Structures are given as structure tokens and as C-alpha cells.
Amino acid sequence: MAADPDIAALARLLQQAERAVLFTGAGISTESGIPDFRSPGGIWTRYKPIDFDDFINSEAARREAWRRKFATDPTMRAAQPNRGHRAVAALVQRGTASSVITQNIDGLHQASGVPEAQVIELHGNTTYAHCLDCGRRYEIEALRLAFERDEVPPRCADCGGLVKTATVSFGQPMPQAAMQRAERETLAADLFIVAGSSLVVYPAAGFPELAKRNGAALVIVNRDPTGLDDIADLVLNRAIGETLGAAVGVD
Ligand SMILES: [Zn+2]
């Protein structure tokens, strides 16, 4: 394994780093069986996405959103962290990485042992729901049992507000607190590692550019080429789990 020059180069950058930041996208979770919604044949190419305004304004759109959520939820719940998640968690636990910025909504970084406080979710989290007005948290399983009785989209028991998965939908503003934390972490990093993102979704994809401009080394690990390969210090177009796992020394 040490004979693999790409892995050795990544391991060397990790050894030299004083404060690394991981930036992860769908590619790290497809290895756990979670479909990449944007890939050909992905859910968002088969169904027109329900944007935030429709969710707010239409009971029929809310019903459809919840139907889809409950249809895809067994896959989400069955997914377990893979070697890539374990390598990322090891980097955080060793203190090499200060945080994980993720575009994923599956909660697998937390499930692999990254403390909640060190995961920055740019697109929210689909493993629970919340009231859009008062913020009260709701568990998916309880919502599913109620929905299956009458298909009435859930409302908040406290304030009557709309209950929605804690994800950021199309047309919904990016979460400001998460965006600001991600920017601070990016500016404090001397090594920025992209794992499994094709870097096409802005503003999220601006973080690696910002890191590079700010003087950090930029590494991209992604199965396919990305739009930022030209400015990266190291590009590995390979599977995420075996690449990070080998470089970090995690099975
Ligand atoms: Zn409420």
C-alpha cells in the first residue's frame, strides 16, 4: 500500500496538517447504499423536486413530499457508515481534522462517531423533522405511523406550524449559522479535503475555492473529475472508502 504514490501523498499531507477540514458529498454515502439523488436514474431525475414554496403553499405538495420521504426512509435507515466515514471520524478523533462540512443529509458522520458539534450540515438532516415555525423536533417514525392512518401532512402539536424534514429543500434559504461556521472552519484550515462531491452545487462548492485562495492545500477525492481539479494540489479519482481508509490507516 505504501507503494501507491497517491495514497502516500495524501498520507503525507495529513501528517503535515495542523488543522484539516473535510468536505463531503454524496459520493461518500453511495458506498453505504444511499443513492446519489442527482446521478442519472437518481430520485431527483425521476421525480420533479418539490420546492420550498410549494411545500409551504400546497397541502397536496406536502402530502407528496411526505409520501416520498416515507418511501425512501427504509433505505436511509438501513444505511451504515462505511470505511470512508470511519476514516473521517478517525481524523476528527485524532485531532487532525477540526470539523466535517457535509452536503449529505443522512447523519452517517454522526453515526460513525464524529461529535455532533463537529459536523456542519449545509443541506440539513433527513433523519428527523422539525416545525418550521417553532423549531420543535419530531421523530420520523412517529410521523410515519400517523401519516399512514390518514395521509394528512403533519402539523406541530404546539403551534400548528408545518412540520418538515430538517433538510434544506430547493428554493429554501441556506442555513445561515451552518454557512457561517463552514466559512470560519474553511478559513482556519491548512488542509482542505473534498471527499465525494462533484462540487457543482453552489454556494456549498465555494468552500474549497475559498480554502485554496486562503493558502490551504486542497485535495479532491472523487470518483469522477470535478470543476476544481485544476486548482487542487492532489486529485484522486478513486473510490472514497478505500482511498481515505488506506491513507488514514482505517479499515
Ligand atoms: Zn411548532
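Within the set of other residues whose C-beta is less than 14 Å from the C-beta of MET179, count the net charge using Lys and Arg as +1 and Asp and Glu as -1. Every neighbour counted, the sum reads -1. Long hydrophobic helices in the chain, taken as whole DSSP H segments with a C-alpha length of 27 Å or more on their own axis and mean Kyte-Doolittle hydropathy at least 1.6, are absent.
With a 1.4 Å probe and all protein chains left in place, how much accessible area per residue does the chain have, in Å²?
Values: 11770 Å² over 251 residues.
Normalised by residue count, the accessible surface of the chain is 47 Å².
Rounded to the nearest 0.05, what FRET efficiency do ALA60 and ARG213 give with R0 = 51 Å and r taken as the Cβ-Cβ distance? Could you check? After rounding, the FRET efficiency stands at 0.65. For the chain, the fraction of C-alpha pairs more than 27 angstrom apart is 37%. FRET efficiency for the ALA78 to GLU18 pair, using the beta carbon distance and R₀ = 45 Å, is estimated at 0.75. Restricting the calculation to Cα atoms, the range 44-167 yields a radius of gyration followed by a Dmax of 16.2, 50 Å.
When the Kirkwood radius is taken over all Cα pairs of the range 115-214, what Stokes-Einstein diffusion coefficient follows at 25 °C and 0.890 mPa s, in µm²/s? Stokes-Einstein gives a translational diffusion coefficient of 156 µm²/s.
The gain in end-to-end length when the ASP53 to ARG144 segment is fully stretched comes to 30.5 nm, 0.36 nm per residue minus the alpha carbon separation. Here the dipole of the range 178-217 is about 40 debye; that uses its Cα centre as origin and unit charges on the Cβ of Lys and Arg (positive) and Asp and Glu (negative).
Here LYS48 is the anchor, and the lysines within straight C-alpha reach of less than 24 Å, apart from those fewer than 8 places off in the same chain, are LYS69, LYS164. Under a 5 Å amide H cut-off, with hydrogens placed 1.01 Å from N, TYR128 pairs with ALA166 among residues at least 5 apart or on other chains. Estimated at the nearest 10 Å², the accessible area of TYR202 is 130 Å² with a 1.4 Å probe. Counting heavy atoms of the protein chains alone, HIS130 has an accessible area of about 60 Å² for a 1.4 Å probe.
Amide H contacts of ASP4: none lie under 5 Å away among residues 5 or more positions distant or on a separate chain (H built 1.01 Å from N in the peptide plane; Pro and chain starts excluded). Rank LEU218, LEU228, LEU122 by mean-square fluctuation in a GNM of the chain with C-alpha springs under 10 angstrom and give only the top-ranked residue. Sorting by GNM fluctuation, first place goes to LEU228. Under the convention that each Lys and Arg Cβ holds +1 and each Asp and Glu Cβ holds -1, the size of the dipole of the chain around its Cα centre is about 280 debye.
The values are calculated or read from the model by the stated rules, or taken from the named source; none is laboratory data. Because the structure is a prediction, the values reported are computed rather than measured. All Cβ positions, glycine included, derive from the backbone under ideal geometry; neighbour counts span all protein chains shown. For accessibility, only protein heavy atoms count, side chains too; no ligands or nucleic acids. Shrake-Rupley method; radii C 1.70, N 1.55, O 1.52, S 1.80 Å.
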